[in-house]
Amino acid sequence: MKIFTILLFFLFLSFQSLTAFSQEEDKVDIFGYYIIVKPTKDFADISEINLAGDFGENEKPPYYGLIRLKKKSAEDFRLLKSTLTGKNLQFTTNAVGGIYYKFEGNFTKLGNFPILNPWKEIILIGKLTKYKGKTKIAEAKVKLSYDAGG
């Protein structure tokens, strides 16, 4: 009888572990680095867009991510706030030298990306707009692939 009780206990623990792992996979966390696939000339200088996801939201003060340019000496454009509503993502960056960016788009799927790591998949599609002051100076429909570690 003791062996049966021990076996049931281990089966229970195994089930709990599988349930916790499944819940972790079902969680939505968009943390990661997003790379523009075939950027237009106007956006070819962007190295990556980092979305801080759960990690950033828990920071004090909150950190939402950034747009990093390829030129190493260039200042990053910090996201002021990102808004995820369903699969729709919107953000605006701070201004650097009078330039700032706005993005509005949709995820092709959602999940716990740091765990699922949909590496190189096109996962976000939307419109990226570049402004100088109040003047729109570039706009393009962009497709972004995912990378867990920029």
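The values are calculated or read from the model by the stated rules, or taken from the named source; none is laboratory data. All values derive from a computational prediction rather than experimental measurement. We place every Cβ from the backbone using ideal geometry, glycine too, and count neighbours over all the protein chains shown.
Specify the residue that is farthest from the chain's Cα centre (by Cα); the eligible residues are those in segment 53-73 that are surrounded by 15 or more Cβ atoms within 10 Å (Cβ to Cβ) and over 20 Å from K27 (Cα atoms). Full working, then the answer.
Going residue by residue through segment 53-73, those that are surrounded by 15 or more Cβ atoms within 10 Å (Cβ to Cβ) are 53, 56, 63-69.
Now narrow it down to the ones that are over 20 Å from K27 (Cα atoms): 66-69.
Details: L66: 10, I67: 11, R68: 14, L69: 17 Å.
Filtering first and then ranking leaves L69.
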Checking K143 against (1) surrounded by 15 or more Cβ atoms within 10 Å (Cβ to Cβ); (2) within 12 Å of the chain's Cα centre (by Cα), the condition it does not meet:
(2)
Looking at (1) modelled with pLDDT under 95; (2) small (G, A, S); (3) touching a Leu at 6+ places or on another chain (Cβ under 6 Å), which one does S82 not meet, given that it meets all the others?
(3)
Where a residue in segment 97-124 is under 20 Å from D42 (Cβ atoms) and its partner, wherever it lies, is hydroxyl-bearing (S, T, Y), with Cβ under 6 Å and at least six apart
Y100/T93; Y100/Y131; Y101/T93; K102/T92; K102/T129; I122/S145; L124/Y34
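With the requirement that a residue be surrounded by 11 or more Cβ atoms within 10 Å (Cβ to Cβ) and either out of contact with any helix residue (DSSP H, G or I) (no Cβ under 7 Å at 6 or more places or on another chain) or under 14 Å from N88 (Cα atoms) (or both), what does segment 121-135 give you?
Step one: list which residues in segment 121-135 are surrounded by 11 or more Cβ atoms within 10 Å (Cβ to Cβ), which gives 121-132.
The answer is E121, I122, I123, L124, I125, G126, K127, L128, T129, Y131, K132.
Residue check: is F31 touching a Phe, Trp or Tyr at 6+ places or on another chain (Cβ under 6 Å), aromatic (F, W, Y) and in contact (Cβ under 8 Å) with a residue 40 or more places away in the chain?
Numbers: touching a Phe, Trp or Tyr at 6+ places or on another chain (Cβ under 6 Å): yes; aromatic (F, W, Y): yes; in contact (Cβ under 8 Å) with a residue 40 or more places away in the chain: yes.
Yes.
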Which number in (1) modelled with pLDDT of 95 or more; (2) on the phi > 0 side of the Ramachandran plot; (3) not acidic (D, E) marks the one condition that N117 misses?
(1)
Contact list, first residue from segment 41-68 and closer than 18 Å to G149 by Cβ, second anywhere and polar (S, T, N, Q) and at pLDDT 95 or above, beta-carbon distance below 6 Å, six or more apart or interchain, is G65/N50; L66/N50; I67/T93; R68/S47
Pick from I137, I123, I99: which is at pLDDT 95 or above, of a type in the set (A, V, I, L, M) and closer than 17 Å to I35 by Cβ?
I123
Selection within segment 126-150 - farther than 25 Å from L110 by Cβ, in a loop (DSSP other than H, G, I, E, B) and not basic (K, R)
G133
Residue count, segment 126-136 (criterion: touching a residue at least 24 places away in the same chain (Cβ under 8 Å) and over 19 Å from the mean Cα position of the chain (by Cα))
4
Yes/no for E104 being in a strand (DSSP E or B) and either within 15 Å of the chain's Cα centre (by Cα) or modelled with pLDDT under 95 (or both):
yes
Of (1) in contact (Cβ under 8 Å) with a residue 24 or more places away in the chain; (2) of a type outside the set (S, T, Y); (3) within 16 Å of I36 (Cβ to Cβ); (4) in a strand (DSSP E or B), K71 satisfies every one except (4)
Of the criteria (1) surrounded by 12 or more Cβ atoms within 10 Å (Cβ to Cβ); (2) in a strand (DSSP E or B), which one P114 fails:
(2)
